[in-house]
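The values are calculated or read from the model by the stated rules, or taken from the named source; none is laboratory data. Note that this is a predicted model, so its numbers are computed, not measured. Virtual Cβ from ideal backbone geometry, glycine too; neighbours counted across all protein chains shown. Note: accessible area is taken over every heavy atom of the protein model, side chains too, but ligands, DNA and RNA are not part of it. Shrake-Rupley method; radii C 1.70, N 1.55, O 1.52, S 1.80 Å.
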Amino acid sequence: MTAPKAHDWIVKMKPYVPGKSTVAGIHHPVKLSSNESVFGPSPKALEAARASADRMMRYPDAESRALRDAIAQVHGLDAERIICGAGSDDILTLLIHSFAGPGDEVIFSQYGFMVYPVQTDAVGATGIAVPNKDWGADIDGILAAVTERTKLIFIDNPNNPTGAYVRWDEIERLHAALPENVLLVLDAAYAECVTAADYDAGARLVERAENVVMVRTFSKMYALAGLRVGWGYFPPALADMINRVRMPFNVCLTGQDAAIAAVHDQAHLKASVDFNAEWRDWETAALTALGLDVVPSETNFLLVGFPTESPFTALECNEFLLKNGYIVRALGVLPNHLRISIGSEQQNRGVVALITEFMNGSPEERGSND
Ligand SMILES: *Cc1c(COP(=O)(O)O)cnc(C)c1O
């Protein structure tokens, strides 16, 4: 007898390890590890979510029609080109599953969003990780990596986990140099937080090209991560493909209703963006003043570089923060850095106070004071 066996390439995959959300012995740890927005969602979204509970015996609208219309109206887009998903992970995954398979190549940045390599492995395609340039995507490096096998290129712009962005003229230059059969995916999960004037999320390029998709989410600045709502903006022919393979009821009833209310409350979004920018600046300045290497961020998190000598390393700082109830993100690919999400005022002040303490003394000295 032989047990059921998954595809060879799935058997070879390493299981995904999500970030920590609990610390042994600490009741309410401060979680600054998943780039959630503690500013919180629009009160109108909360109200819509609560009201939707009365209808939970019903299937949601399979087409997310009202949500697509709301997004189209607010962003000045064509609703026919929008597809909503269970988070933008859903859209990113559908793109990889629809356009790549064994023998194909998918290009992304070495330091970039985990979903691209994981889902590339899941379809048996080959992931090509291009080293970053100035912490963002390296456009020339990506162009040099394109082969006849390339099916998709993912640019998380701004980048997660570095927080850096690529200027719009560079994205245009990349697109202009690509073969028409290569699909360029612009993952603009953090578009709402960007303050740089030379940034663009890419909607107008989607409208004039046949091979560009822009992907957006309600998880970050709209603060609806738990409801799983994202969307993509597509050329019509590509939208047709994704609509064939997506699950018909992929966005839940509550998610649709809350996201509609959230996207209509642009005043709340602006308040959230302003709050984020203010604390991002404050925390960048405070950590830089400690001699740490903070990557300039256009997102709602900071990538912070630590000294490589003990006792001041990133891993030692991570242990110290955990012991004090603060969860930030240690990254296997960037062992000298920690990724720290912007939190509430109290949380931001708290994490900076702890890192200040860490940088001002050795763990030994601290231990002897216990
Ligand atoms: C957070 C994030 C997403 C969004 O994920 P959702 O599935 O929409 O919650 C997508 N891309 C990047 C780069 C991210 O950091």
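Reported to two decimal places, what Rg/Rh ratio describes region 78-122 when computed on Cα atoms with Rh from the Kirkwood expression? List each step's numbers first, then the result.
Details: Rg = 11.9 Å, Rh = 11.7 Å.
For region 78-122, the value is 1.02.
Hydrodynamic radius of region 297-353 by the Kirkwood approach over all distinct alpha-carbon pairs: 11.7 Å.
Positive-end ranking of SER64, PHE113, PRO43 along the dipole of the chain, with charges on Cβ about the Cα centre, is headed by SER64. In the chain, the longest principal axis of the Cα atoms and the axis of helix 43-52 are about 60 degrees apart.
The heavy atoms of ARG280 offer some 10 square angstrom of accessible surface to a 1.4 angstrom probe. This model, with +1 at the C-beta of Lys and Arg and -1 at the C-beta of Asp and Glu, gives region 246-370 a dipole about its Cα centre of some 420 debye. Which of THR308, LEU290, VAL273 sits closest to the plus end of the dipole of region 257-334, meaning its Cα is farthest towards the positive end, when Lys and Arg get +1 and Asp and Glu get -1 on the C-beta? Highest projection toward the positive end goes to THR308.
Once the 1.4 Å probe is applied to the protein heavy atoms, region 159-214 comes out at 37 Å² accessible per residue. Computed over region 208-291, the P(r) curve from all C-alpha pair distances, binned at 5 Å from the origin, holds 3, 12, 16, 16, 15, 14, 10, 7, 5, 2, 1 percent per bin.
What is the Cα radius of gyration of region 227-370 over 2.2 N^0.38 Å, N being its residue count?
On the way: Rg = 20.4 Å, N = 144, 2.2 N^0.38 = 14.5 Å.
Dividing the Cα radius of gyration by 2.2 N^0.38 Å gives 1.40.
Measuring r between the beta carbons of ALA6 and MET241 and using R0 = 25 Å, the FRET efficiency lands at 0.50. If only the Cβ of Lys and Arg carry +1 and only the Cβ of Asp and Glu carry -1, the dipole of the chain around its Cα centre is close to 1060 debye. Above 26 Å, the calculated P(r) of region 43-265 contains 33 percent of its Cα-Cα pairs. Amide H contacts of THR126: GLY103, ASP104, GLU105, VAL106, each under 5 Å away and 5 or more positions distant or on a separate chain (H built 1.01 Å from N in the peptide plane; Pro and chain starts excluded).
Protein heavy-atom surface of region 43-265, 1.4 angstrom probe: 52% of the accessible area is carbon and sulfur, with nucleic acids and ligands not counted. For region 27-169, the alpha-carbon coordinates run over 53, 38, 35 Å along the three principal axes, in decreasing order.
Which value in Å is the Kirkwood Rh of region 152-191 over different Cα pairs? In region 152-191 this quantity evaluates to 10.7 Å.
The share of Cα pairs per 5 Å bin across region 156-263, counted from zero up to the longest distance, runs 2, 11, 19, 21, 20, 16, 8, 2, 0 percent.
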